[in-house]
Amino acid sequence: MEFKIEFSGHENIRSFHQKTIEITKESHLTPQGDCIIGVNATSSCADLPEELKNKLRDPNSSVYFLIKVKEYEFLVKGRGHENLILTDTNDIVIRKSDFVCPRTLAVKCDKASDLLPREMVSLLRNPDTRGTFLISIE
């Protein structure tokens, strides 16, 4: 199963966080949001189809996130979790830890925003840049 979310860049994207990656439906971003890689996202946790949410709640699910910006791609692997709430109406957060809150989409991810290629981050600092966040579950 796959689900695609589109997002745009913002001048304050830093992508330095060592434990999470976030995209948000919000249009504004302060420099303190150093895990956020995209704004104006087309979906949040609450917007995901129920079938996808059910698969994400399976702790045996392997979840893959392919982040694409122009010619750059960044792949993150994570896990589902039985306690995922998936009700936040603005944000999606993928985490290296197993912390769960309404914004959490996946846990035990193998990468965080600090590992995004710096060329990709530079592109994302332009508000006209569009990216995709593709969710795939096995």
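Some points to look at:
- Selection status of Ser8, out of contact with any Phe, Trp or Tyr (no Cβ under 7 Å at 6 or more places or on another chain), loosely packed, with under 15 Cβ neighbours inside 10 Å, among the polar types (S, T, N, Q) and under 15 Å from Asp128 (Cα atoms): no
- Every residue from region 66-104 that is in contact with a strand residue (DSSP E or B) (Cβ under 8 Å, 6 or more places away or on another chain), farther than 22 Å from Gly131 by Cβ and of a type in the set (Ser, Thr, Tyr): Ser97
- Count - residues of region 104-138 that are in a loop (DSSP other than H, G, I, E, B) and in contact with a helix residue (DSSP H, G or I) (Cβ under 6 Å, 6 or more places away or on another chain): 1
- Selected residue (criterion: surrounded by the fewest Cβ atoms within 10 Å (Cβ to Cβ)) from residues of region 71-104 that are touching a residue at least 60 places away in the same chain (Cβ under 8 Å) and of a type in the set (Lys, Arg): Lys96
- Across region 29-36, a minimum of one residue is classified as outside any strand (DSSP E or B), aliphatic (A, V, I, L, M), more than 14 Å from the chain's Cα centre (by Cα) and modelled with pLDDT under 95.
- If you filter region 26-60 down to residues that are of a type in the set (Lys, Arg) and touching a Gly at 6+ places or on another chain (Cβ under 8 Å), you find that the one that is surrounded by the most Cβ atoms within 10 Å (Cβ to Cβ) is Lys55.
- The set of residues from region 72-83 being under 15 Å from the mean Cα position of the chain (by Cα) and either assigned to a loop (DSSP other than H, G, I, E, B) or over 26 Å from Pro49 (Cα atoms) (or both) comprises just one member, Gly80.
- When region 48-70 is limited to residues that are free of Cβ contacts under 8 Å to residues at least 24 places away in the same chain and part of a helix (DSSP H, G or I), the one that is nearest to Ser27 (Cα to Cα) turns out to be Glu50.
- Scoring Ser62 on the criteria (1) under 15 Å from Val107 (Cα atoms); (2) small (Gly, Ala, Ser); (3) in contact with a Pro (Cβ under 9 Å, 6 or more places away or on another chain) leaves a single failure, condition (3).
- Ala41 being within 13 Å of the chain's Cα centre (by Cα) and within 24 Å of Asp128 (Cα to Cα): yes
- Qualifying residue in region 48-65 (condition: within 23 Å of Asp128 (Cα to Cα) and in contact with an Asp or Glu (Cβ under 7 Å, 6 or more places away or on another chain)): no
- Enumeration of residues in region 11-22 that are surrounded by fewer than 18 Cβ atoms within 10 Å (Cβ to Cβ) and in contact with a strand residue (DSSP E or B) (Cβ under 7 Å, 6 or more places away or on another chain): Lys19
The values are calculated or read from the model by the stated rules, or taken from the named source; none is laboratory data. Keep in mind it's a predicted model, so treat the numbers as computed, not measured. Don't worry about glycine lacking a Cβ; one is built from the backbone with ideal geometry, like all the others, and counts go over all protein chains shown.
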